[in-house]
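Single-structure report; data block below.
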C-alpha cells in the first residue's frame, strides 16, 4: 500500500518547529542546541507516562519493537497535547539503514501519523545511509562536526557524573555539576562555538577537572555496565529509569558512550565492502570518517585519564575485542559493538552487566543473548543478565532480576579473591559470615 | 531470634528461628493477593505469640516482597539468593537447585561456577500454570498429581508458555483423551520448559534439590524431572520454606515486628498504581445501561410436552462449554442449554438430547447442526445433519439479529473471534493468536485464584473507582501486572475492573488492531459468554465509544446460528438423521489413543468408536489413517520443494565430507552450496528433516528463548551433524541475500543472517568439528569467487582459484535452475487447479516454512480442503517492483509483498501468510501485506505458528476463509445473474 506524505522542504526550516524524540537525555540536549545553531527551531520532547506507550500501541503493530512504540507514541502524544501549531510542526527521527527493523521506524511513523489524522505533518530523517533523499536532514562538514562534538560532550558529562555521583560526599554535587556544564556547552554550541578541535581540547580537561574537584569518598562499590539496544539502553522512558534505579542500589554505572555507535556505523560501511567486495570509495570511506572522529576521541580519553577517571578504549582498540567471539560482519542493530562493549566492560572491572533490549529484539538474539555464554566462558568473572523491556513487562520483574545480579555482585565484592565462588568448599559458617557482610 | 518473610506470587511463607537456627514456628499460606493485609497479620501473630518481646532480626524476600520491603524500610533479599544461602547452610554439597514457585521458575547452579537462571518474562508461571491446567481438567492440584500417577502415555504439549500449552490441552480434552495421560503430559511440559528455558545447555548433574510448592506437592513432577535429567533429586524437609529461611539467615538488623506491621498498614492505605476511569460514573448510568441491553432479546415460545411442529437443533461444542438451542421454524427459541463440558462433551450432549426426547414424545426434529471445536465429534457421534464452522454459525446468528450488522466480536472461553462484514459477506476474520488467547477462561481462572466465583468477581468491578491499568498484552504478562498492582495496594474491585478492561483492550488492539471505532463499523454485535460479564461489556463500549448490541443469548449465538444454518439448508418436511430414541439410549463412546505409524509423521491419533461401530479419527495430519491412501502431493508446491531439496544426494568426494544444516536459509540455498562443494570434490550431506525429537535434542543450547522456532531448530540440526564425524560443518553468515530487484535492499533478517554466530557461541558439540561460518555474500557473484577462495584457503589446502570459479559458476546455475523449477511447477499447479476449478492458495512464508516441523502440515491441510497450494517465490517474479509504505529491504519479504500484489490480479488466488511466533520482521510485513491485499479487494489471512502442534485453530481459520470465499463467489454469481 502506498499513500502520499508531505516532504520536509528547506523553507520549513524557518516556519516549522521540529520535535525530537528523547533518547539519550544529555547528549540529545546538546544535539538540539547544535540544530538550533543551524537555524532549526527544535524542541526535545520530554513527555512520558503511560499515555505514550498507549498511543504507540494504538497506532503501531503491537509486536513491533518497544522503541518504535515509544518513539511514535511520544510523537503522537505530543501532537495530541494541543501545545503545537499543527500546521507548523515537523518531526525528526533517526534511521540507521541496517537490516534490523529500526530502519522502518520512519515508515511506521508515517503510517501512524496517517492513521491518527496527522498526515500533513512532515517527517525528517537523520541518516548517513543516503535513505530518504527528499526528506533527510541536510548535512555539511561543519554541521557534522558540531553534531559529533555534541555527542562527545554528552558522553563526557555522562561518564563523569556516573563515576562521581556514587562516591560524592554531598549528595547532588555531581548532578549539579553536570547541569552547570550542560548549560554552558549548550549556550556555546548554540552560538556556534566550542566544537573546534582547539576549543574541545581546552574545554574537556576543564570539565573533567571540575568534576574531579567534587569531594568524594571512594569506597568499593558494585560496578555495573549497561549495554543493549540503543534506545532502551539510554532512554529512561524505555528502560524504566534504569540508571536511577541502579543509583538507589548503590552502584556505579557505566553506560558506554553514544559515539561508539556512530563509529560502529561508520566502520561497518567499509567492513561490508571488505567482506563482500565493493568500490574503492566504499573500501576507504570508513577510515576517513573514523580518522575525523579519532582526534576528538583522543581529547576525551585524555581528559578522563588525566583526571583519574576510567576512560573507554579507543574505537580502534574496541574493534580488536570481538576477535574469536563474534564476527565483525554482524552489523544489524548494535551488532558486534554490543558484544565488544560487554567484553570491554568485563575487562575494565565492570563485570556486572545488564544487557537491555526490547522484548523480541532480533539482533540481540545474536549479539546480546547469543554471546553471553561465550563471554562467560572466556571471562568467568562476568555476571551478565539480559533484561527485556516491553509495554507490559513490569518493573517489578525487571528489578527483581537486576537485584539478583546485584546480589551475586555484592557477594563477589565482599570476597574479591574468588571471582567464581565454589560453594562446595565453603563451610556454612563462612557463608553466614560472608552474607552478613553484604 | 531471626524472622524471615517470603512473599511469593501466590503464597506467603514465614519462619521464626532461634539463635541455634532451629525453627520455632513456620507457616505457608495462600495470600489470595491480599499481600499487605496478610503480611501485616502474620507479623502481628509472630510478635504476639512467637517472638518474645516482639523484636527480632528480620528481612523480607520473595517476588512480591520487594516493593513492600522498600516501603517499610526492611532489608530485602533477592529470593534466589536467599535460597542459595539456605541451601548452602542446610544441605551442603548441593550442586543444583530447581525451584518452582507460583509464577517463577529458577535453576541455581552452585558448583563449578555459580550461576542463577530465572524464567524469562514470557515463560509464564509454573505453579500458576499447573493450577490453571488443573482447573481446565476440573481437578485440584492433588487430584491431578494422583491422576498423573496412573498415566499410560504422554502427549506433546507446547512447553513454551502457559497459554500455548492450554491450547494444546483443551483440544486433547475435547477429543476425549484420558485425563490421567493429560495430567502426566502437563507435568512433563513443565519439566521440558524448565530445562529448555533455564538450563540452556548447562548440564544438570550431581546432587539436585527440589524446592517450592509444585515440586513439594507433586510426586509425578519430581519423578518426571528425575527421569528426564537422569538424576535422583532430593526434596528436603521444609522445602517450601527455603526462601523464608534464607531471609532469616541473612537478616542482620533488628526490628520491632509490630511496628513494621503498623507501617505496612499505613502503606496499604496509600494506594499508588496506574489507574483508569471507572466503568460507571453513577448508579443511574448503570441502570440506563442495563435497560438498554435488556431490549436485545430473541422471542421465546413455550416448549410443551405435546409439541410436534418441526424443530431445528443447534449444538455448539465449544472449548470449555457445550451449548444447545432448539428453535421452531420461525427462529423462535423453544429450549436452551449451556453447561461446562467437563472435558468430554459427548455424554453431556447425549444427556440433554435424551431429556428433550423424554420431555417431548411427539418431537419432530427437522435438522441438527453442530459447530465449535467439537463439531466433528458431535456430528459423527449423534449423526447430525450438518456441520458448520463456528465463525459462520456466529455470523448467521448475528445477521438474524441485526440484518445490517457490520462487525461481530465474540469472546468465548478460550477464543476470541471478530469478523468484519462488508456487502453481506465476511470480509475479514480476526482470531486471537495462540499467544493472547485466554480471554474468558482467563478471567475465570483469575477469579478462582483470588478465591471468587467468576460472576461475583466480575460484579465487584462494576463500581470500582480506580480500575487498575493492566495493559493489553498476553495474559501471562497480566499475571505479573496484577502482582505489581496488588503490591501497590489495588483493591480486588479495582483489579477485577482492570482485568475486564484488559480483555477488551486485548481484543481491540491485539486481535483486531483497530485504531478507531469507525474502522470497525457502526452496527456491532457482541457475543460469546464473556459478554454476559457486564464489566467487559461496558469496557468494550467505553473503549470503542459506541453502543453495541448484546443479544440476551450472547453465550448461545453459536448454537443458535447453527440451528438457523440447518434451517436454511433443510428442505421443508425433512426429518433429521439424528439418532432416534432407541439408538440414542444404546449409544456408547469409546476413546483410545494410538500412534498412526503409517508414515514418518507418526501422528498421535485419537480414535473414537461409537455404539454403531462408526469411528472418528482425529489428530491426523493427512487422510491416510481415514482413507488408507497417501496424499500424492501433486497440488502442493511445498511438497515439491521438499522433494527437490531432498533429491540432492551426497556423492563420494576425495576432499572429505561436509555437512550442512537443513534449516533457515538452507531450505533455499542448499542446491547452491551442495553444487558448490560437490564440484570442489566434497561429499555433501545435510541434516534430516526437522522433527520433534531433533528439536528436543538441541533445545538445551538455545540461549534466547524468545527467538523464532525455525532458528531454535538449528540447534538440533547442528547437534545431529556434529555426531556424524564430518570433516567440516558449513553454515555461513549472510548479511545479504540475492537481489531479486523487488525492493530497496536485499537483506536477510538478523536471525537468518547471523544465527551461525549463536550456534558457534553456544553449541559445545561444535568444539570437536570444524565449523565454517564465515561471512559470505552471494549477492555479488563476481566478488564471490575471490572472497570464497580466501575463506576456503583458511580451512583447506590445495583448492585452486580456477576450481572455485568453476564450482561457483555451477552453483549459481544450479540455484537459478532450482528457482526456475519451482516457478514452472507453480505454473503447472495453477493450470491444473484452474482446469479442475479449484481454489489456489498462496501459502506465503519464507523458504524454511517448507519444513514440516515448522509448518505443522498446514500445506497438506489446505490441500485436504480441496485447494491447491503454491508458494510466494513461485509468483513473486510476476510483478514489477512497486512502492510499499514500509521499507522493503528483506529479500524474502519482498517476495511476500510481490506475491500479495500478484494475488490481487487473480480472481481465484488467495494468500495465506505463515508467520513464525517471535518473528519481529513480520510485525511489519503482516500489516503491509494485509493492506496490499485489502486494497486489491482480497481477504487477508494470517496463521501464526510456533512449536505448537495443534491445528484446531488453523483449521477454523482456513474453513472460515473458504466459507467467506464461497459466499463471495455466490454473491458475485447472483449479481451476474
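Considering B:584, B:616, B:579, the condition of being within 30 Å of residue B:327 (Cβ to Cβ), in contact with a helix residue (DSSP H, G or I) (Cβ under 8 Å, 6 or more places away or on another chain) and assigned to a strand (DSSP E or B) is satisfied by B:616 alone. Could you go through the stretch A:310-327 and let me know if any residue there is farther than 30 Å from residue A:164 by Cβ, without any contact (Cβ under 8 Å) to a residue 12 or more places away in the chain, crowded, with 19+ Cβ neighbours inside 10 Å and within 14 Å of another protein chain (Cβ to nearest Cβ). Among the residues of the stretch A:310-327, at least one is farther than 30 Å from residue A:164 by Cβ, without any contact (Cβ under 8 Å) to a residue 12 or more places away in the chain, crowded, with 19+ Cβ neighbours inside 10 Å and within 14 Å of another protein chain (Cβ to nearest Cβ), which makes the answer yes. Here residue B:760 passes the criteria (1) crowded, with 19+ Cβ neighbours inside 10 Å; (2) more than 34 Å from the chain's Cα centre (by Cα); (3) part of a helix (DSSP H, G or I) except the one numbered (2). Can you tell me which residue among B:789, B:831 is at pLDDT 95 or above and assigned by TED's automatic domain parsing to the domain that holds residue B:939? Residue meeting the stated conditions: B:831. Taking the numbered list (1) buried (at least 23 other Cβ atoms within 10 Å of the Cβ); (2) at the interface with chain B (Cβ under 10 Å from one of its Cβ atoms); (3) closer than 17 Å to residue A:236 by Cα in turn, residue A:72 passes all entries but (2).
Residue check: is residue B:443 at pLDDT below 85, touching a helix residue (DSSP H, G or I) at 6+ places or on another chain (Cβ under 8 Å) and assigned to a helix (DSSP H, G or I)? Taking the combined requirement at face value, the residue satisfies it. Checked against the criterion of being in contact with a helix residue (DSSP H, G or I) (Cβ under 9 Å, 6 or more places away or on another chain), away from chain B (no Cβ under 11 Å), under 19 Å from residue A:4 (Cβ atoms) and touching a residue at least 12 places away in the same chain (Cβ under 8 Å), the candidates A:94, A:89 yield just one match: A:89.
Candidates in the stretch A:403-435 are the residues that are more than 9 Å from chain B (Cβ to nearest Cβ) and touching a helix residue (DSSP H, G or I) at 6+ places or on another chain (Cβ under 7 Å); of these, the one that is modelled with the highest pLDDT is A:414.
Restricting B:778, B:799 to those that are touching a residue at least 60 places away in the same chain (Cβ under 8 Å), over 36 Å from the mean Cα position of the chain (by Cα) and either within 27 Å of residue A:359 (Cβ to Cβ) or facing chain A (nearest Cβ under 10 Å) (or both) reduces the list to B:778. Among the residues of the stretch A:75-86, just one is crowded, with 22+ Cβ neighbours inside 10 Å and either away from chain B (no Cβ under 14 Å) or assigned to a strand (DSSP E or B) (or both), namely A:75. Can you say whether residue A:342 is over 17 Å from the mean Cα position of the chain (by Cα), closer than 18 Å to residue A:224 by Cα and more than 8 Å from chain B (Cβ to nearest Cβ), as far as the supplied structure shows? Here the answer is no, as residue A:342 does not meet what is asked. Is it true that residue B:279 is crowded, with 20+ Cβ neighbours inside 10 Å, touching a residue at least 24 places away in the same chain (Cβ under 8 Å) and not in a helix (DSSP H, G or I)? Yes.
Within the stretch B:721-733, how many residues are surrounded by 24 or more Cβ atoms within 10 Å (Cβ to Cβ) and either over 13 Å from residue B:657 (Cβ atoms) or within 14 Å of chain A (Cβ to nearest Cβ) (or both)?
Selection size over the stretch B:721-733: 1.
Among the conditions (1) out of contact with any strand residue (DSSP E or B) (no Cβ under 9 Å at 6 or more places or on another chain); (2) more than 8 Å from every other protein chain (Cβ to nearest Cβ), the only one that residue B:707 does not satisfy is (2).
Return the only residue of A:49, A:56, A:99, A:119 being surrounded by fewer than 24 Cβ atoms within 10 Å (Cβ to Cβ) and more than 18 Å from residue A:18 (Cα to Cα).
After applying the criteria, what remains is A:49.
Screening the stretch B:70-85 for residues that are more than 10 Å from chain A (Cβ to nearest Cβ) and at pLDDT 85 or above and picking the one that is surrounded by the most Cβ atoms within 10 Å (Cβ to Cβ) gives B:83.
Being under 23 Å from residue A:409 (Cα atoms), outside any loop (DSSP other than H, G, I, E, B) and within 19 Å of the chain's Cα centre (by Cα), is that true of even one residue in the stretch A:311-326?
Scanning the stretch A:311-326, I find no residue that is under 23 Å from residue A:409 (Cα atoms), outside any loop (DSSP other than H, G, I, E, B) and within 19 Å of the chain's Cα centre (by Cα), so the answer is no.
Checking each residue in the stretch B:345-368 for being without any contact (Cβ under 8 Å) to a residue 60 or more places away in the chain, part of a helix (DSSP H, G or I) and over 33 Å from the mean Cα position of the chain (by Cα) picks out B:355, B:356, B:358, B:359.
Check whether at least one residue in the stretch B:945-958 is closer than 19 Å to residue B:519 by Cβ and within 14 Å of another protein chain (Cβ to nearest Cβ), and report yes or no. For the stretch B:945-958, residues closer than 19 Å to residue B:519 by Cβ and within 14 Å of another protein chain (Cβ to nearest Cβ): absent.
Of the conditions (1) within 14 Å of chain A (Cβ to nearest Cβ); (2) touching a strand residue (DSSP E or B) at 6+ places or on another chain (Cβ under 8 Å); (3) in contact (Cβ under 8 Å) with a residue 24 or more places away in the chain; (4) more than 30 Å from residue B:798 (Cβ to Cβ), residue B:701 clears all except one; give me its number. Evaluating residue B:701 over (1) within 14 Å of chain A (Cβ to nearest Cβ); (2) touching a strand residue (DSSP E or B) at 6+ places or on another chain (Cβ under 8 Å); (3) in contact (Cβ under 8 Å) with a residue 24 or more places away in the chain; (4) more than 30 Å from residue B:798 (Cβ to Cβ) leaves (2) as the failure. If only residues of the stretch B:86-107 that are under 29 Å from the mean Cα position of the chain (by Cα) and at the interface with another protein chain (Cβ under 10 Å from one of its Cβ atoms) are counted, the one that is surrounded by the fewest Cβ atoms within 10 Å (Cβ to Cβ) is B:106.
Condition first: more than 9 Å from chain A (Cβ to nearest Cβ) and surrounded by 23 or more Cβ atoms within 10 Å (Cβ to Cβ). Now tell me which residues in the stretch B:743-755 satisfy that. Matches in the stretch B:743-755: B:752 only. Of all residues in the stretch A:350-380, those satisfying the criterion of being closer than 26 Å to residue A:220 by Cα and either touching a strand residue (DSSP E or B) at 6+ places or on another chain (Cβ under 6 Å) or surrounded by 24 or more Cβ atoms within 10 Å (Cβ to Cβ) (or both) are A:350, A:351, A:352, A:353, A:354, A:355, A:356, A:372. A single member of A:367, A:355 is more than 7 Å from every other protein chain (Cβ to nearest Cβ), touching a helix residue (DSSP H, G or I) at 6+ places or on another chain (Cβ under 8 Å), under 16 Å from residue B:117 (Cβ atoms) and at pLDDT 90 or above, and it is A:355.
The values are calculated or read from the model by the stated rules, or taken from the named source; none is laboratory data. Every value quoted in this text rests on a predicted model; they were computed, and no experiment measured them. Positions of Cβ are backbone-derived with ideal geometry, glycine not excepted, and every protein chain shown enters the neighbour counts.
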